[in-house]
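Asks: What follows is a structure written as structure tokens; I'll ask about it next.
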Amino acid sequence: MKKAVLTLFFTLLLQTAALALDSAIKFVQVTDTHFNAENEYSVKLLEETVKDINRLNDVSFVIFTGDNLNKPEPEDLDDFIKILNRLKAPYYLVIGNHDVFKSQNLSKERYNEIVRENNLFWFKREWNYVFKKKGYTFIVVDGAKEIIPGPVGYYRADTLEWLDKQLTKNKKRPVIIFQHYPIIDAPEFGSSRLKTHRTYQPEKYFEMLDKHNNVLAIISGHFHVNSEVMENGVYHISSPTLLDNPPVYKIIDIVSKDGLSPIIYTQLKEVEIEE
């Protein structure tokens, strides 16, 4: 029997009642799959994860929040996307530090081309993009480097400027941000590893966020641990790697009714691998 591990219930109180919705949405976050097409377990795990998600009810979409590949290999990305295409729900991608390396023939541009070659419904041209569902705005933010990839996240000035404009444009809608690199530390990750995996100058990101009151949550991966923290009205969610023991992904429900502010519920779902 598959087990669902309830991780946390958290109420998000927005600074303005104008953002309250009478709606609900469920989506799935899968992160840090580190897919390797030559590794039998890696392939089986991703296939079983897709099957498991397909058994869920009312999933609006699935988001893969980076480090989708273990190494930036075009062939691995090709196989990765072909497995994702079996999902019944639409899927969206974030790229992480393991996904791209321009000098190894997998630039951000080429990554996008391979996704489009395998998915006729993929119309994204950049890795900063926006999509909307059921009254919510979802924003994907790119913090990966393709020239010299590394575990330190870097949200460029032009990326933060773009995000600032999107938050202003969607000021009357609740926003959820997806990115690979968290901007808040996860104590569960360990202080020594945090030194090499922190995001560069997160204070600039926070300065931009402080200008807005419509961000419900920032959902990321990278740390490979489950950490959920409220900071200045924004719920920072960092989720475990799919390669965890046992392997897990996260189900996220956002609900709002009767004029109340949205509430986020998160649940870790274990994937069982048949021998």
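The values are calculated or read from the model by the stated rules, or taken from the named source; none is laboratory data. Since this is a predicted model, take the numbers as computed values, not measurements. With ideal geometry, Cβ positions are generated from the backbone for all residues, glycine too; neighbour counts draw on all protein chains shown. Quick note on the areas: whole protein, heavy atoms, side chains included, nothing else; ligands and nucleic acids left out. Shrake-Rupley method; radii C 1.70, N 1.55, O 1.52, S 1.80 Å.
Asks: Being crowded, with 19+ Cβ neighbours inside 10 Å, closer than 24 Å to Gln267 by Cα and either touching a Lys or Arg at 6+ places or on another chain (Cβ under 7 Å) or of a type in the set (S, T, N, Q) (or both) is the requirement here; does Asn57 meet it?
Replies: no
Asks: Take the conditions modelled with pLDDT under 95, of a type outside the set (S, T, N, Q) and not in a helix (DSSP H, G or I) and apply them to Tyr181. Does it pass?
Replies: Against the criterion (modelled with pLDDT under 95, of a type outside the set (S, T, N, Q) and not in a helix (DSSP H, G or I)), Tyr181 does not qualify.
Asks: A further question follows. Mind listing whichever residues of region 156-172 are buried (at least 17 other Cβ atoms within 10 Å of the Cβ) and assigned to a loop (DSSP other than H, G, I, E, B)?
Replies: Asn170 - this is the single residue of region 156-172 that is buried (at least 17 other Cβ atoms within 10 Å of the Cβ) and assigned to a loop (DSSP other than H, G, I, E, B).
Asks: Do we have Lys132 as under 18 Å from the mean Cα position of the chain (by Cα), open to solvent by 20 Å² or more (accessible area, probe 1.4 Å) and either modelled with pLDDT of 95 or more or acidic (Asp, Glu) (or both) here?
Replies: On the way: under 18 Å from the mean Cα position of the chain (by Cα): yes; open to solvent by 20 Å² or more (accessible area, probe 1.4 Å): yes; either modelled with pLDDT of 95 or more or acidic (Asp, Glu) (or both): yes.
Considered against the rule, which asks whether it is under 18 Å from the mean Cα position of the chain (by Cα), open to solvent by 20 Å² or more (accessible area, probe 1.4 Å) and either modelled with pLDDT of 95 or more or acidic (Asp, Glu) (or both), Lys132 comes out as yes.
Asks: Could you list, ordered by first residue, the pairs with Cβ atoms under 7 Å in which the first is in region 145-169 and touching a residue at least 12 places away in the same chain (Cβ under 8 Å) and the second is aromatic (Phe, Trp, Tyr) and in a helix (DSSP H, G or I), at least 6 apart or interchain?
Replies: Partner pairs satisfying both residue conditions: Tyr155/Tyr205; Leu160/Tyr205.
Asks: Could I ask something else about it? Look at Thr137 and say whether it is assigned to a helix (DSSP H, G or I) and either touching a residue at least 60 places away in the same chain (Cβ under 8 Å) or among the β-branched types (Val, Ile, Thr) (or both).
Replies: Numbers: assigned to a helix (DSSP H, G or I): no; either touching a residue at least 60 places away in the same chain (Cβ under 8 Å) or among the β-branched types (Val, Ile, Thr) (or both): yes.
It is false that Thr137 is assigned to a helix (DSSP H, G or I) and either touching a residue at least 60 places away in the same chain (Cβ under 8 Å) or among the β-branched types (Val, Ile, Thr) (or both).
Asks: Is it fair to say His212 is in a strand (DSSP E or B), within 21 Å of Phe138 (Cβ to Cβ) and not charged (D, E, K, R)? First the steps, then the outcome.
Replies: Values: in a strand (DSSP E or B): no; within 21 Å of Phe138 (Cβ to Cβ): yes; not charged (D, E, K, R): yes.
When the stated conditions are applied, His212 does not pass them.
Asks: Also, quick follow-up: So which residues in region 226-275 are of a type in the set (D, E, K, R), assigned to a strand (DSSP E or B) and without any contact (Cβ under 8 Å) to a residue 60 or more places away in the chain, if there are any at all?
Replies: Kept after step one, since they are of a type in the set (D, E, K, R), are these residues of region 226-275: 228, 231, 244, 250, 253, 257-258, 269-270, 272, 274-275.
With the extra rule that they be assigned to a strand (DSSP E or B), the set shrinks to 228, 231, 250, 253, 269-270.
Across region 226-275, the qualifying residue is only Glu231.
Asks: Looking at region 196-238, which of its residues are in contact with a His (Cβ under 9 Å, 6 or more places away or on another chain) and open to solvent by 50 Å² or more (accessible area, probe 1.4 Å)?
Replies: Hit for region 196-238 is Met230, nothing else.
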